[in-house]
Amino acid sequence: AQSVTQLDSQVPVFEEAPVELRCNYSSSVSVYLFWYVQYPNQGLQLLLKYLSGSTLVKGINGFEAEFNKSQTSFHLRKPSVHISDTAEYFCAVRGAQKLVFGQGTRLTINP
Amino acid sequence: GAVVSQHPSWVICKSGTSVKIECRSLDFQATTMFWYRQFPKQSLMLMATSNEGSKATYEQGVEKDKFLINHASLTLSTLTVTSAHPEDSSFYICSARDATSDQETQYFGPGTRLLVL
């Protein structure tokens with residue numbers, strides 16, 4: 001069975017600082033990994049995904065993530081955050097026909 | 001591309017009434033749609049998987065007679081909360097997969113907030 005662990009429930013950072021949101025997964029089948037962002041009172045927006053190929057994946061809004069098979073990780077990074085990045089971030093792994101989500105990480109940007 | 005809409009965005013209803021939520025894929029065909037429920041400050045919980053033209057597959061613990069799902073076309077799925085009670089108050093989110101291009105990615109709607117009084 002697939003599972004996802006987001007190691008930090010909350011991450012506060014200062015504006016223009018770099019950030020890393022951590023995600024570890026377990027999967028017994030082919031690995032497809034996703035990061036979604038959820039702004040308050042909204043649905044989820046796809047940030048980026050890893051299906052195959054290059055392990056460094058670039059997404060929207062300046063985010064990127066690196067798939068590390070040996071460490072079973074898919075951490076999300078951004079070199080310089082903005083106030084507008086304040087949101088909830090969800091890591092997900094594709095299971096048998098469905099997505100399995102982590103518990104989410106709340107990213108708070110302080111001025 | 002890959003836009004999913006939901007209607008309504010907000011609904012308030014009295015206990016005992018039924019509420020229908022629509023999920024539409026606007027620019028692609030979705031053979032599979034998913035319905036999730038999200039409680040405050042929590043992750044998404046999959047309720048059911050809906051395949052066009054067939055019965056929905058419900059997750060363990062989800063009452064299929066209470067949460068009726070219909071997926072009558074490739075662009076529309078509906079979730080009806082029957083005889084709603086205050087404990088059904090939640091944020092309901094649908095998602096859809098584009099069957100013709102990327103079969104691995106789900107695109108999410110903006111969600112519907114249901115408040116049952």
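The values are calculated or read from the model by the stated rules, or taken from the named source; none is laboratory data. The structure presented is a predicted model; accordingly, all values stated were derived computationally and were not measured. Note that we place each Cβ from the backbone using ideal geometry, even for glycine, and neighbour counts take in every protein chain shown. Areas reflect the complete protein model, heavy atoms only, side chains present, ligands, DNA and RNA absent. Shrake-Rupley method; radii C 1.70, N 1.55, O 1.52, S 1.80 Å.
On inspection, A:ARG77 qualifies as more than 30 Å from B:THR57 (Cβ to Cβ), away from every other protein chain (no Cβ under 14 Å), in a strand (DSSP E or B) and under 14 Å from the mean Cα position of the chain (by Cα). Report whether or not B:GLY53 is in contact with a strand residue (DSSP E or B) (Cβ under 8 Å, 6 or more places away or on another chain) and on the phi > 0 side of the Ramachandran plot. Here the answer is yes, as B:GLY53 does meet what is asked. When the range B:17-63 is limited to residues that are assigned to a loop (DSSP other than H, G, I, E, B) and of a type in the set (Ser, Thr, Tyr), the one that is least open to solvent (accessible area, probe 1.4 Å) turns out to be B:SER43.
Being more than 7 Å from every other protein chain (Cβ to nearest Cβ) and either without any contact (Cβ under 8 Å) to a residue 40 or more places away in the chain or not small (Gly, Ala, Ser) (or both) is the filter here; which residues of the range A:89-106 pass it?
A:TYR89, A:CYS91, A:VAL93, A:VAL100, A:THR105, A:ARG106
Restricting the range B:86-117 to residues that are open to solvent by 20 Å² or more (accessible area, probe 1.4 Å) and touching a Lys or Arg at 6+ places or on another chain (Cβ under 9 Å) leaves a set whose member that is nearest to the other protein chains (Cβ to nearest Cβ) is B:GLU104. Among the conditions (1) in a loop (DSSP other than H, G, I, E, B); (2) within 14 Å of chain B (Cβ to nearest Cβ); (3) touching a residue at least 12 places away in the same chain (Cβ under 8 Å); (4) open to solvent by less than 80 Å² (accessible area, probe 1.4 Å), A:ALA17 misses just one, which is (2).
For every residue, the table says whether it meets (1) more than 12 Å from chain B (Cβ to nearest Cβ); (2) part of a strand (DSSP E or B); (3) more than 14 Å from A:PHE74 (Cβ to Cβ); (4) open to solvent by 40 Å² or more (accessible area, probe 1.4 Å).
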| position | (1), (2), (3), (4) |
| --- | --- |
| A:THR5 | no, yes, no, yes |
| A:VAL11 | yes, yes, yes, no |
| A:TYR25 | yes, yes, no, no |
| A:SER28 | yes, no, yes, yes |
| A:LEU48 | no, yes, no, no |
| A:SER54 | yes, no, no, yes |
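Within the range B:88-117, the set of residues being out of contact with any strand residue (DSSP E or B) (no Cβ under 8 Å at 6 or more places or on another chain) and acidic (Asp, Glu) comprises B:ASP102 only. Here the range A:83-111 is the region considered, the condition is being outside any loop (DSSP other than H, G, I, E, B) and among the polar types (S, T, N, Q), and the residue that is surrounded by the most Cβ atoms within 10 Å (Cβ to Cβ) is A:THR105. Step by step: first the residues of the range A:56-82, then only those that are open to solvent by 50 Å² or more (accessible area, probe 1.4 Å) and basic (Lys, Arg), then the one that is farthest from B:VAL4 (Cα to Cα). Which residue is that? Among those residues, the one meeting the criterion is A:LYS69.
For the range A:30-46, the candidate set comprises residues that are assigned to a loop (DSSP other than H, G, I, E, B) and in contact (Cβ under 8 Å) with a residue 60 or more places away in the chain; within that set, the residue that is most open to solvent (accessible area, probe 1.4 Å) is A:TYR32.
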